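A short write-up of the structure that comes next.
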Amino acid sequence: MKTYEPILLKNMMQPEYAGSLPEYERAGGYQALRKVLGKVTPAEVTAVVMKSGLRGRGGAGFPTGVKWGFLPKDYQGPRYLCCNADESEPGTFKDRQLIERDPHQLLEGMLLACYAIGAASSYIYIRGEFVLGAKILEAAIKEARAAGYVGKNIFGTGISIDIWVHRGAGAYICGEETALLESLEGKRGLPRVKPPFPATHGLYNKPTVVNNVETLANLPHIMNRGAEWFASIGSPPKSTGTRVFCVSGHVARPGNYEVPMGITFRELIYEQAGGMRSDKKLKAFIPGGASAPFLTPDHLDVKLDFESVALAGSMLGSGGVTVMEEGTDMVWAALRLMEFFYHESCGKCSPCREGSSWLVQIMRRIVNKRGRMADLETLTDLCKNIAGRTVCAFGDAEVSPILSTLKHWRHEYVTYIHAAEAANLIRPEPAGAKH
Amino acid sequence: MLKEKYQAEIDEILSRYPVKRSALLPLLYLAQREEGYVTETAMQEIAGILKLTPPQVYETATFYTMLNLKPVGKFHLQVCKSLMCALVGSDTVIGWIGTKLGIKPGETTQDKLFTLSSVECLAACGTGPMMQVNDDYYERLTEEKLDRILADLRQTGTSSLKTGPFMWPEPANAVKG
Ligand SMILES: Cc1cc2nc3c(=O)[nH]c(=O)nc-3n(C[C@H](O)[C@H](O)[C@H](O)COP(=O)(O)O)c2cc1C
Ligand code: SF4
Ligand code: FES
C-alpha cells in the first residue's frame, strides 16, 4: 500500500496526542499565526490562499480565496467568519475527528481567515449532537484566549479576534450556509434566496464568509509551507491538496483516510480501506456523501478529484465514500436515503416539500410490492421537476439516490414491480390515499 | 425561573452576540438542561429575556429536533438509521433494543427510564452501528455491548463503553466491538 504524508491528521496519528495547546505548540502550532499577523497584509494572505488552489471541503468545492475576495473592500462595519461544523451529510465524519482530536488546528485556521477578511468576531456553528466536540472547542478557545491567541490585541498587533461556539439543534438543512446564518440569528433554519450572497449580506446582513472545518484547518499549513507547496499536492491545477475521505459501508477498514486528491477510488477502497469486508464483490458506491449520485464498479478507476468525479456523473461533495457489496438492495438503499431527505426538507419551497413526500410514498409503495410500472416514469418526472427548481441545492441532492439507482439498477425496481403484479396486490387506490 | 437561577450564565450567553435573538438556541438548551425538556413557561420567559413574542420562540423551538417539547425518558437512546449505519446493521440494533425494553421507536418505557428514537446520521458512519444516549456516543454496537450499556445505565447512570474523542486510526490494542 502506498502511504502519503498526512497534513491535517498528522498530529492525531499519534494516539497519545490529546490536542492540548502545549502539544499543538510543540508540533509547530500557531507559528503560522505569528508569522502572518501584522506582518503579512490581509490581501497577501488572500492572495496566497488563492494561489494555493484551496477549494471548499464542505461540498460545493468553491475556491476559498476567491470567496474571500467577494467581500466588499471599502465596507467599514463589522464582518463575520462562520465555521461550518454542522457535518450532517450522511456518510461524512471527518470534521468530527478534526474538531475532537486537534481543535487548535481549526482555531488557528479560523484566526488566519478572520485576519484575511477583517473579521473581529467568528462563530463555530457545530451540530447539536456534537456535545463532546463543542466542549473540546470551548476548552481550546479558553486555552487560546489565556495564551493570547484569541481575544483583544493579539501579539500586541492591535488586532482583536474572538471565537464563539454556537450549537445547532438537529436540522440537516442548517449545514446549508444561509440556513446556518438564519439559525445563528435565532430563527428557523430556512435557506435564504440567493443572491444576495453571504459575502455582502450574511450574518446580521453584514459581509460574511462561511467555510467548512476542513477548509479552515488547511490554512495554517498553507501559510507555513507556502502556496506552491500546497498546489503541488493532489491533481493540480484544479484539485490541490489532500482530502480526508470518510469511507463507510462494506469495507474491511472503514474510517478516515487523508490522501492527495487524484488517487483512484480503487486505491482508496482496496488499498487504504483494506478492500471489501468479505468475499462479496463491490456492487455500488457513493463518492461524496448522500447527495452524490451512486456509481458502479465501472467507475473504480475514476480519480478522486472535483473534475473527474463530476465527469463520471456524480460529485466529490463532502468526501463521504460509502461502499456497498453484492446483494445490497439498491431500491432499499435509495429509499433509505430518500427517507432522510424527506425528513430533513425544511419545507420552505413546494417542489422540495411536496416532492420529497411523494417520492418517499412511491418508493415505499414499490418496496412494499405495491408498485406499478408507471411509478418509474412518475419518479423520474418528479425528480426532474424538483432538481433546479428549489431555493437551495437540497433539491438537486434529494433526487440523486433515486435517479442514479434508476439509471444503473432499473431492473431491481422492475423486479419489485413484477413481484407486485404477480402477487396481484395492485388495487385501484382511492384518491388522496396514503401509501 | 431561569433568570433567577442562571443570571450570570444568561448574561455571558447574551454577551456573545451583537443581536439578542441569536441567544435563542443557547437559552432553549439551558431550559432543556434544567427540566429535561423545554416547557411552555420557559419559552415565555425566554421570549421576555430576548424581547421576542412567544410565537417567535415556539416557531423556532419546534423547528429543531433536539429540542424536546415534551418529557423524554431519563436515557434517550437515539439509534442512527441512515443508510451507512443501515448497511452494517442498525435495523437489527433497533430491533434488539425494542425487544429488550419492550418499546418501539418514539416510545418510552413505563418506568420513564428509556426513550427509544431512530434518528438520522450522527456523523459516525465509519463506526456504525451506533447510537447517542443523551450527550454520549456509543459506536460499533453489538448485542453484547448493548446489554452492558443498558445495564450500566440502569446501575450507574452512564457507561464506560461510551466513545471519547474519535480515535483513528484505532490504537493497535483497541478492543474491537
Ligand atoms: C443541503 C445542504 C447541506 C449542507 N451541509 C453542509 C455541512 O454539513 N457542512 C458543510 O461544511 N457544508 C455544508 N453545505 C455546504 C455549505 O452550504 C457551504 O457551501 C460550505 O459550508 C462552504 O464552505 P467551504 O467553501 O469551505 O466548503 C451544505 C449545503 C447544502 C445545500
Ligand atoms: S430545497 Fe428543500 S431544503 Fe432547500 S429551501 Fe427548499 S424546501 Fe428547504
Ligand atoms: S449513517 Fe449512521 S452515523 Fe452516519
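The values are calculated or read from the model by the stated rules, or taken from the named source; none is laboratory data. Just so it is clear, the structure is predicted and the values come from calculations on it, not from any experiment. So basically every Cβ, Gly included, is an ideal-geometry build from the backbone, and we count neighbours across all protein chains shown. Note: areas computed on protein heavy atoms with side chains; ligands, DNA, RNA excluded. Shrake-Rupley method; radii C 1.70, N 1.55, O 1.52, S 1.80 Å.
Checking the a/c ratio against 1.5 first, then a/b against b/c, what shape does the Cα gyration tensor give for the stretch A:330-422? In terms of gyration-tensor shape, prolate. About its Cα centre, the stretch B:2-61 has a charge dipole of approximately 240 debye under the convention of +1 per Lys or Arg Cβ and -1 per Asp or Glu Cβ, with nothing else charged. Can you list the residues of the stretch B:75-122 that have at least 10 square angstrom less accessible area with all protein chains present than in their chain by itself, probe 1.4 Å? Listed in order, they are B:LYS81, B:SER82, B:LEU83, B:MET84, B:ALA86, B:LEU87, B:VAL88, B:ASP91, B:GLU120, B:CYS121, B:LEU122.
Can you pull the percent of the protein assembly as shown's accessible area that's carbon plus sulfur, 1.4 Å probe, other chains left in place?
Details: 13120 of 24190 Å².
Carbon-and-sulfur percentage of accessible area, whole number: 54.
Along the stretch A:407-420 the Karplus relation, 6.51 cos²θ - 1.76 cosθ + 1.60 evaluated at θ = phi - 60°, assigns HN-Hα couplings of 5, 8, 10, 4, 4, 6, 5, 4, 4, 4, 6, 4, 4, 5 Hz to successive residues, with x for each Gly and Pro.
Based on the Cβ-Cβ distance of A:LYS407 and A:SER350, what FRET efficiency does E = 1/(1 + (r/R0)^6) give at R0 = 35 Å, to the nearest 0.05?
Approximately 0.85, to the nearest 0.05.
With each label modelled as a point 7 angstrom along the Cα→C-beta vector, the A:HIS343-A:LYS281 pair spans 3.4 nm. Accessible area of B:ILE94 (1.4 Å probe, protein heavy atoms only, ligands and nucleic acids ignored): about 30 Å². Backbone phi angles across the stretch B:41-58, fed through the Karplus curve with coefficients 6.51, -1.76 and 1.60 (θ = phi - 60°), yield HN-Hα couplings of 4, 4, 4, 5, 5, 5, 4, x, 4, 8, 6, 10, 7, x, x, 4, 6, 4 Hz in residue order; Gly and Pro are listed as x. Between A:LEU311 and A:GLU228, the contour length at 0.36 nm per residue exceeds the Cα-Cα span by 27.2 nm. Computed 3J(HN,Hα) for the stretch A:252-260, one whole-Hz value per residue from the Karplus formula 6.51 cos²θ - 1.76 cosθ + 1.60 where θ = phi - 60°, is 5, 10, x, x, 9, 10, 8, 9, x, glycine and proline marked x.
What is the Cα centroid distance between the stretch B:71-148 and the stretch A:89-158, reported in whole angstrom? After rounding, the separation between the Cα centres reads 30 Å. Here the simple spin-label model places points 7 Å from the Cα toward Cβ, and for A:ALA423 and A:PHE155 these points are separated by 6.8 nm.
So for B:TYR17, A:TYR342, what's the accessible-area order with a 1.4 Å probe, most first? Could you put the intermediate results ahead of the total?
Values: B:TYR17 20, A:TYR342 100 Å².
Highest to lowest solvent-accessible surface, that is A:TYR342, B:TYR17.
Checked against a 31 Å cut-off, the cross-linked pairs A:LYS10/A:LYS67; A:LYS135/B:LYS112; A:LYS39/A:LYS194; A:LYS2/A:LYS39; A:LYS2/A:LYS51; A:LYS206/B:LYS51 give Cα-Cα distances beyond that limit for A:LYS39/A:LYS194; A:LYS2/A:LYS39.
Working from Cα pairs under 8 Å separated by at least six residues, relative contact order for chain B is 15 percent. Excluding ligands, DNA and RNA, the accessible surface per residue across the protein assembly as shown is 40 Å² with a 1.4 Å probe.
Between A:GLY347, A:GLY241, A:GLY175, the GNM of chain A built on Cα springs shorter than 10 angstrom shows A:GLY347 fluctuating the most.
Using a 1.4 Å probe on the heavy atoms of the protein chains only, list every residue of the stretch A:95-124 that has 10 Å² or more less accessible area in the complete assembly than in its chain alone. Going by heavy-atom accessible area, the residues of the stretch A:95-124 that drop by at least 10 Å² are A:ARG96, A:GLN97, A:GLU100, A:ARG101, A:TYR123. Considering only A:HIS299, A:HIS166, A:HIS418, give the residue with the highest GNM mean-square fluctuation for chain A, with springs between Cα atoms whenever their separation is below 10 Å. Most flexible of the set in this elastic network: A:HIS418. Applying both filters, DSSP loop and at most 16 other Cβ atoms within 10 Å, to the GluC sites (Glu not before Pro) of the stretch A:307-370 gives A:GLU326.
Placing +1 on the Cβ of every Lys and Arg and -1 on the Cβ of every Asp and Glu, with no other charges, gives the protein assembly as shown a dipole of roughly 620 debye about its Cα centre.
Backbone amide hydrogens, once placed in the peptide plane, bring A:TRP164 within less than 5 Å of A:SER122, A:TYR123, A:ILE124, excluding anything fewer than 5 places away on its chain.
Amide H to amide H distances under 5 Å link A:LEU295 with A:PHE285, A:ILE286, where only residues 5 or more positions off or on other chains count and H is placed in the peptide plane. Tell me whether chain A comes out rounded, prolate or oblate; compute the Cα gyration tensor, take square roots of the eigenvalues as a ≥ b ≥ c, and use a/c under 1.5 as the rounded threshold. Prolate.
Give me the summed buried accessible area for the A-B pair, 1.4 Å probe, to the nearest 100 Å². Each step should come with its number before you reach the end.
Values: alone 18230 and 10540 Å², together 24190 Å².
Counting protein atoms only, the buried area is about 4600 Å².
Amide H to amide H, with H built 1.01 Å from N, A:ALA199 comes under 5 Å of A:THR208, counting only residues 5 or more places away or on other chains.
Would you work out if the stretch B:1-84 is rounded, prolate or oblate? Take a ≥ b ≥ c from the square roots of the eigenvalues of the alpha-carbon gyration tensor; rounded if a/c is under 1.5, else prolate when a/b is larger than b/c, oblate otherwise. Can you show the working numbers first?
On the way: a/c = 1.84, a/b = 1.66, b/c = 1.11.
Note, shape of the stretch B:1-84 comes out prolate.
Here's the list of aspartates and glutamates a cross-link from B:LYS5 could span, going by alpha-carbon distance under 19 Å and ignoring same-chain residues fewer than 8 apart: B:GLU34, B:GLU35, B:GLU40, B:GLU45.
What size of dipole, in debye to the nearest 20, comes out for the stretch A:11-232 about its Cα centre when the only charges are +1 on Lys and Arg C-beta atoms and -1 on Asp and Glu C-beta atoms? All intermediate terms of the calculation are to be shown ahead of the outcome.
On the way: 25 positive and 22 negative charges, 98 e Å.
Dipole magnitude for the stretch A:11-232 comes out near 480 debye.
Taking A:VAL321, A:VAL247, A:VAL391 as the candidate residues, the one with maximal mean-square fluctuation in a Gaussian network model of chain A, Cα springs under 10 Å, is A:VAL391. Farthest towards the positive end of the charge dipole of chain A, among the residues A:THR240, A:GLN31, A:PRO351, is the Cα of A:PRO351, using unit charges on the Cβ of Lys, Arg, Asp and Glu. Within the stretch B:1-88, list the trypsin sites (Lys or Arg not before Pro) lying in a DSSP loop whose Cβ has at most 10 other Cβ atoms in a 10 Å radius. Here the sparse-neighbourhood loop sites are B:LYS51.
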